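Below is one structure; the comments refer to it alone.
The values are calculated or read from the model by the stated rules, or taken from the named source; none is laboratory data. These numbers come from a predicted model, not from an experiment. As a convention, Cβ positions derive from the backbone with ideal geometry for all residues, glycine included, and neighbour counts pool all protein chains shown. Ligands, DNA and RNA are stripped out before the accessible areas are found, and what is left, the full protein with its side chains, is counted by its heavy atoms. Shrake-Rupley method; radii C 1.70, N 1.55, O 1.52, S 1.80 Å.
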Amino acid sequence: MHIYDIITKKKHGEELTDSEIEFFIKEYTAGNIPDYQASALLMAVCLKGCTDNETATLTQAICDSGDVVDLSLLGDGTVDKHSTGGVGDKTTLIVAPIVASLGAKVAKMSGRGLGHTGGTVDKLESFPGYKTSLSPEDFLKQVKRIGIAVIGQSGNLAPADKKLYALRDVTATVDSIPLITSSIMGKKLAAGSQSIVLDVKYGSGSFMKSAEASEALARCMVDIGYKRGRRVSALITNMDVPLGHAVGNILEVKEAIEVLSGKGPTDLREVALSLATEMTKLSLGKEALTARRMCEDAISSGKALKKLVEWIGEQGGDSSLALDTSKFPSAPCKREVLADRDGYITAMNTEAIGLASVSLGAGRVTKDDVIDFTAGIIIEKKTGDAVRAGDVLATLYSSSEERLDEGERVYLSALTLGDDRPEELPLIHNVISK
Ligand code: URA
């Protein structure tokens with residue numbers, strides 16, 4: 001079998017066989033196919049697409065390219081959640097303790113921030129001492145004991161995806177439904193949970209700009225999961241505006257704790273409760289209304305917050321911060337960004353807001369950059385809000401005035417102000433399930 005022939009076949013829009021796809025993944029992961037040939041094949045896939053069978057085979061091959069986690073010891077209630085990436089998206093910190101407090105088993109591997117989007121692992125490291133790496137035995141033991149453990153991605157989970165994603169990032173081959181499906185579902189299948197809830201974002205802060213494209217992606221991922229014997233559903237959620245008010249690690253952790261305390265912004269609370277409800281339905285076999293009520297009760301009774309405190313402490317973090325968030329350190333410098341006119345915020349370029357927070361120090365420009373956990377943004381006015389000249393649009397937090405200058409410039413470039421209130425978009429566009 002030759003990679004040249006496989007590229008030619010896909011270039012002409014022909015369907016690849018299972019063994020051709022498996023050959024590509026195996027040999028590319030082993031370093032026997034050079035990046036330039038892999039790039040050519042990825043571009044052909046972007047342009048010609050894949051059949052359902054090709055996507056399913058590619059997903060399985062990516063899953064099988066490294067370790068596959070066996071969670072069978074934990075029973076049938078294992079549940080995972082994956083967001084396609086957003087700005088201000090701290091929902092894992094809310095939903096994981098909610099569903100764990102209800103008896104589901106959350107054995108989760110999360111990522112770090114990437115580009116303009118934040119990552120759960122970085123947020124968790126805002127708790128001094130939190131261990132983002134556990135041995136497989138300790139990881140399983142913790143989930144068994146307290147129902148929850150969240151760590152960074154294990155070194156050898158879906159290594160094919162690690163190589164392919166890095167290549168796609170620099171060859172303009174990210175936005176392809178079969179490639180995104182196989183990348184996300186390959187990792188999720190390898191991570192072992194029986195139930196998987198996907199939060200598929202659309203809008204200016206997402207790589208899928210329209211709800212329709214996100215829906216097509218979600219359907220593809222849900223189908224693949226079911227074909228592989230998992231229960232999967234997907235929420236299509238709006239990322240045309242950041243979720244909640246806080247962007248940046250400690251600021252986001254504090255906001256997540258507010259929601260777990262029965263307060264917090266309504267959009268964040270609603271997306272978190274909807275995700276937690278889906279997770280409870282799938283993993284504990286509850287009806288929608290019962291599941292929703294259980295999740296709301298977990299917050300109002302304080303059970304979910306108690307589970308967060310237990311989880312952070314169990315994984316070595318300073319859990320006293322979760323009980324008194326005023327003990328978190330704060331940034332030495334802050335600046336209010338002011339409106340220069342009356343009107344409405346008619347649009348927010350959410351990707352640019354994510355980049356503003358990166359420039360304040362909350363994210364990385366290169367993968368070795370050190371994060372400033374205190375840096376970030378508290379957004380005061382969002383799309384649809386009326387503003388008067390001189391109103392505070394947002395407060396920026398950082399380590400220096402120079403960083404604040406850059407953050408303010410980028411933040412202001414992300415906003416459009418106009419005279420008319422824009423049409424309100426739904427927060428949750430659709431739920432895709434079987
Ligand atoms: N996230 C992933 O893990 N993979 C993709 O291809 C896109 C987003």
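Before moving on, here are some points about what is shown:
- Residue that is farthest from Ala304 (Cα to Cα) [pool: residues in the stretch 148-171 that are open to solvent by 20 Å² or more (accessible area, probe 1.4 Å) and touching a residue at least 40 places away in the same chain (Cβ under 8 Å)]: Thr171
- The stretch 141-157, residues that are under 23 Å from Asp76 (Cβ atoms) and modelled with pLDDT under 95: Ile151, Ser154, Leu157
- Considering Ser301, Ser319, the condition of being polar (S, T, N, Q), in contact with an Asp or Glu (Cβ under 9 Å, 6 or more places away or on another chain), assigned by TED's automatic domain parsing to the domain that holds Leu198 and open to solvent by 20 Å² or more (accessible area, probe 1.4 Å) is satisfied by Ser319 alone.
- Residues of the stretch 215-229 that are within 13 Å of the ligand (Cβ to nearest atom) and open to solvent by 10 Å² or more (accessible area, probe 1.4 Å): Cys220 alone.
- Helices (runs of 4 or more DSSP H) contained in the stretch 71-147 and holding at least 2 residues within 16 Å of the ligand (Cβ to nearest atom) and under 12 Å from the mean Cα position of the chain (by Cα): 120-124
- Of all residues in the stretch 355-386, those satisfying the criterion of being of a type in the set (A, V, I, L, M, F, W, C) and touching a strand residue (DSSP E or B) at 6+ places or on another chain (Cβ under 6 Å) are Leu360, Ala362, Ala375, Ile377, Ile378, Ile379, Ala386.
- Whether a residue is surrounded by fewer than 19 Cβ atoms within 10 Å (Cβ to Cβ) and under 23 Å from Asp64 (Cα atoms) was assessed, and Gly111 passes this test.
- Pairs with Cβ under 7 Å, 6+ apart, first in the stretch 8-26 and at positive phi, second open to solvent by 70 Å² or more (accessible area, probe 1.4 Å): Gly13/Lys48
- Filter result (in contact (Cβ under 8 Å) with a residue 24 or more places away in the chain and either in contact with a helix residue (DSSP H, G or I) (Cβ under 8 Å, 6 or more places away or on another chain) or open to solvent by less than 10 Å² (accessible area, probe 1.4 Å) (or both)) within the stretch 304-316: Ala304, Leu305, Lys306, Lys307, Leu308, Glu310, Trp311, Ile312, Glu314, Gln315
- Identity of the residue in the stretch 193-214, open to solvent by 10 Å² or more (accessible area, probe 1.4 Å) and near the ligand (Cβ under 10 Å from one of its atoms), that ends up nearest to Glu424 (Cα to Cα): Met208
- Tally, over the stretch 46-82, of residues that are in contact with a Ser or Thr (Cβ under 7 Å, 6 or more places away or on another chain), open to solvent by 10 Å² or more (accessible area, probe 1.4 Å) and over 13 Å from Leu189 (Cα atoms): 2
- Residue match in the stretch 230-238 (condition: within 16 Å of the ligand (Cβ to nearest atom) and in a helix (DSSP H, G or I)): no
- Any hit, the stretch 175-192, residues being among the β-branched types (Val, Ile, Thr), within 28 Å of Gly376 (Cα to Cα) and within 10 Å of the ligand (Cβ to nearest atom): yes
- Test: residue in the stretch 243-265 that is closer than 30 Å to Cys46 by Cβ and either modelled with pLDDT of 95 or more or over 22 Å from the mean Cα position of the chain (by Cα) (or both): yes
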